[in-house]
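Visitor: Okay, handing you the structure first.
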Amino acid sequence: MDIRRAGPDDWEQYRDIRLAALAEAPYAFGSTLAREQPFTETQWRDRLSRGATFLGYLSGTACALASGTSSHELVSVWAAPSARGTGLAAAVVEAVLAWAAPSPMTMWVAEDNTAAIRFYVRLGFSFTGDRAPLPSDPSRHELSMRRSPPASS
């Protein structure tokens, strides 16, 4: 298992895993495959020049991703089915949390994505009480969650 922060030169790996995520789990994201598939190299590079994106690798292949925005929001979390249960998804999320520390991190999760909700609760996220329509499908809703950094000792 290897976790690396992706930069603009990693745009092709990032594009490939992001499109794989949107294809495999369209119900989990605020965007769609149809929206992002036509993005140009410049658009992919630009995404990697803002905030921080971490890719998780198994046997040299990128199998997980998680990003953090400059406003301390966790976005774009996904692990390939072959990487689920390995701890790789948790490792990329923890890398984003370490990048954002000591700030708290917020995120949104589709309210019907129970596996993701269990995952985030295991990582120490809790519900804020906020609920909003899912941008990719306003007939569904997403819930806000937050994780505060551990108290200093």
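Just so it is clear, none of the values below were taken in a lab; they were calculated from the coordinates. What you are looking at is a predicted structure, and each value in this text was computed from that prediction instead of being measured. Backbone-built Cβ (ideal geometry, glycine too); neighbour counts: all protein chains shown.
Visitor: Can you confirm whether Ser49 is crowded, with 20+ Cβ neighbours inside 10 Å, under 23 Å from Thr106 (Cβ atoms) and hydroxyl-bearing (Ser, Thr, Tyr)? Lay out the reasoning, then the answer.
Guide: Details: crowded, with 20+ Cβ neighbours inside 10 Å: no; under 23 Å from Thr106 (Cβ atoms): yes; hydroxyl-bearing (Ser, Thr, Tyr): yes.
The answer is no for Ser49.
Visitor: Something else now. From the list Ala79, Ala91, Ala83, Ala100, exactly one residue is under 14 Å from Arg147 (Cβ atoms), touching a strand residue (DSSP E or B) at 6+ places or on another chain (Cβ under 8 Å), of a type in the set (Gly, Ala, Ser) and surrounded by 15 or more Cβ atoms within 10 Å (Cβ to Cβ). Which is it?
Guide: Sole residue among the options that is under 14 Å from Arg147 (Cβ atoms), touching a strand residue (DSSP E or B) at 6+ places or on another chain (Cβ under 8 Å), of a type in the set (Gly, Ala, Ser) and surrounded by 15 or more Cβ atoms within 10 Å (Cβ to Cβ): Ala100.
Visitor: Is it true that Glu24 is in contact with a Lys or Arg (Cβ under 7 Å, 6 or more places away or on another chain) and acidic (Asp, Glu)?
Guide: Values: in contact with a Lys or Arg (Cβ under 7 Å, 6 or more places away or on another chain): no; acidic (Asp, Glu): yes.
Taking the combined requirement at face value, the residue does not satisfy it.
Visitor: While we're on this one: Does the stretch 20-36 contain any residue that is farther than 22 Å from Ser139 by Cα and touching a Leu at 6+ places or on another chain (Cβ under 9 Å)?
Guide: For the stretch 20-36, residues farther than 22 Å from Ser139 by Cα and touching a Leu at 6+ places or on another chain (Cβ under 9 Å): absent.
Visitor: May I pose another question? Scan the stretch 52-76 residue by residue and report those that are surrounded by fewer than 20 Cβ atoms within 10 Å (Cβ to Cβ), hydrophobic (A, V, I, L, M, F, W, C) and over 16 Å from Met105 (Cα atoms).
Guide: Leu58
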